[in-house]
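Asks: Here you go, one structure.
The values are calculated or read from the model by the stated rules, or taken from the named source; none is laboratory data. Bear in mind the structure is a predicted one, so any value in this text is a computation, not a measurement. Every residue, glycine among them, receives a Cβ derived from its backbone with ideal geometry; neighbour counts consider all protein chains shown.
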Amino acid sequence: MHENEISYSIRGCIYDVFNHFGPGLLESVYEAALFECLSQKGLSVEQQVPVGVSYLNTQLPVGFRLDLLVEKKVIIEVKSVELLAPVHHKQLITYLKLTGCKLGILVNFNCEEIEQGIFRKVNGLC
């Protein structure tokens, strides 16, 4: 499955989850609901995926976690904040660079219209 096809399914689930819950809940609720929706569509989804990092050829004892990884190709970063900051966009771009994934979707569920809260980020074209 190509990243664009995966992205289409992800957007559909984002709309489904937003229409069901609306804004104002914790990120963890939206993340769990997206996981369930994507899984029910038959997509391979991993939640809270640990990613190790290295520095100067040394594996560090810390790393970070991806909110959702779909088909091992598309990262979803889930937010539920009043306003996305530029650093939220940069965070996803960094995740893409460190994992080698091509496509990421940043979604902020705390907005009046969900289409205003969905952002595609492409590795290498940012």
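Asks: Answer with yes or no whether LYS90 is surrounded by fewer than 17 Cβ atoms within 10 Å (Cβ to Cβ) and part of a loop (DSSP other than H, G, I, E, B).
Replies: Considered against the rule, which asks whether it is surrounded by fewer than 17 Cβ atoms within 10 Å (Cβ to Cβ) and part of a loop (DSSP other than H, G, I, E, B), LYS90 comes out as no.
Asks: Here's another thing I want to ask about it. With the requirement that a residue be surrounded by 11 or more Cβ atoms within 10 Å (Cβ to Cβ) and either without any contact (Cβ under 8 Å) to a residue 24 or more places away in the chain or within 19 Å of TYR15 (Cα to Cα) (or both), what does the stretch 47-56 give you?
Replies: Passing the criteria: GLN47, GLN48, VAL49, GLY52.
Asks: Can I ask one more? Taking the conditions exactly as written (in contact with a Leu (Cβ under 7 Å, 6 or more places away or on another chain) and under 22 Å from GLN91 (Cα atoms)), does GLU27 satisfy them or not?
Replies: No; evaluated as a whole, the condition is false for this residue.
Asks: Kindly indicate whether GLN59 is under 25 Å from TYR15 (Cβ atoms) and out of contact with any Leu (no Cβ under 7 Å at 6 or more places or on another chain).
Replies: Spelling it out, it is not the case that GLN59 is under 25 Å from TYR15 (Cβ atoms) and out of contact with any Leu (no Cβ under 7 Å at 6 or more places or on another chain).
Asks: Within the stretch 29-49, is even one residue at pLDDT below 95 and part of a loop (DSSP other than H, G, I, E, B)?
Replies: No; the residues of the stretch 29-49 include none that is at pLDDT below 95 and part of a loop (DSSP other than H, G, I, E, B).
Asks: Pairs, please: C-beta under 8 Å, at least 6 apart or cross-chain, first residue loosely packed, with under 13 Cβ neighbours inside 10 Å and in the stretch 20-41, second assigned to a loop (DSSP other than H, G, I, E, B)?
Replies: GLY24/SER80; GLY24/ASN110; LEU26/SER80
Asks: Please determine, by comparing only the residues of the stretch 68-87 that are free of Cβ contacts under 8 Å to residues at least 40 places away in the same chain and under 18 Å from VAL122 (Cβ atoms), which one is nearest to the chain's Cα centre (by Cα).
Replies: Only one residue tops the list, namely GLU77.
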